[in-house]
1. With all protein chains present, how much of the accessible area of region 1-98 (probe radius 1.4 Å) comes from carbon and sulfur, to the nearest whole percent?
2. Stokes-Einstein diffusion coefficient for the chain at 20 °C in a medium of 1.002 mPa s, Rh from the Kirkwood formula over Cα pairs: what value in µm²/s?
3. Report the label-to-label distance for Q44 and Q3 in nanometres (one decimal), using points 7 Å from each Cα along the Cα→Cβ vector.
4. Are there trypsin sites (Lys or Arg not before Pro) in region 18-84 that DSSP marks as loop and that have at most 16 other Cβ atoms within 10 Å, and which are they?
5. With θ set to phi - 60°, apply the Karplus curve 6.51 cos²θ - 1.76 cosθ + 1.60 along region 55-70 and write out the HN-Hα couplings as whole Hz, x wherever there is a Gly or Pro.
6. Applying 1/(1 + (r/R0)^6) with R0 = 35 Å to the Cβ-Cβ distance of E88 and T30, what FRET efficiency is obtained, to the nearest 0.05?
7. Just to check I understand the Karplus step: with θ = phi - 60° and J = 6.51 cos²θ - 1.76 cosθ + 1.60, what whole-Hz values come out for region 11-28, glycine and proline as x?
Amino acid sequence: QVQLVESGGGLVQAGGSLRLSCAASGSTFTIASMGWYRQPPGKQRELVASIGTGGNTNYADSVKGRFIISRDNARNTVVLQMNSLKPEDTAVYYCNFNIAWMRRDYWGQGTQVTVSS
């Protein structure tokens, strides 16, 4: 079992920045793909950004150029730097840990991000 602890959510004005962090327990972080998802009010959960074991990244079109995902394997941590935030970025953000070939898939508890206009 992997525990994921998220931090960094909060309330920010449009145009501002927030930094989300997710710390994973255990010793398999380096072989896991990590991702950030979000679920806006009344909508389905969607992928925001992901980062593979080799550092390759993938972003939703809506956040390209504004968000940056990174990982620190020494600290078992993945970070989502969110810049130029918009009200439509308001959502609960979830960290995801995935090792597909081991069928390991874990979620954090979620952290609220609210962007006011």
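The values are calculated or read from the model by the stated rules, or taken from the named source; none is laboratory data. The structure presented is a predicted model; accordingly, all values stated were derived computationally and were not measured. FYI the Cβ positions are ideal-geometry reconstructions off the backbone, even for glycines, and counts take in every protein chain you see. Ligands, DNA and RNA are excluded from the accessible area calculation, which covers all protein heavy atoms including side chains. Shrake-Rupley method; radii C 1.70, N 1.55, O 1.52, S 1.80 Å.
1. Carbon plus sulfur share of accessible area: 46 percent.
2. Approximately 152 µm²/s, per Stokes-Einstein.
3. Modelled inter-label distance: 3.3 nm.
4. Working: sites: R19, R38, K43, R45, K64, R66, R71, R75; in loops: K43, R45, K64, R66, R75.
Answer in residue order: K43, R45, K64, R66, R75.
5. Working through the residues one at a time gives x, 5, 10, 9, 10, 5, 4, 5, 10, 4, x, 10, 10, 9, 9, 8 Hz.
6. For R0 = 35 Å, the calculated efficiency reads 0.55.
7. 10, 9, 7, 4, x, x, 10, 9, 10, 9, 10, 9, 9, 10, 8, x, 10, 10
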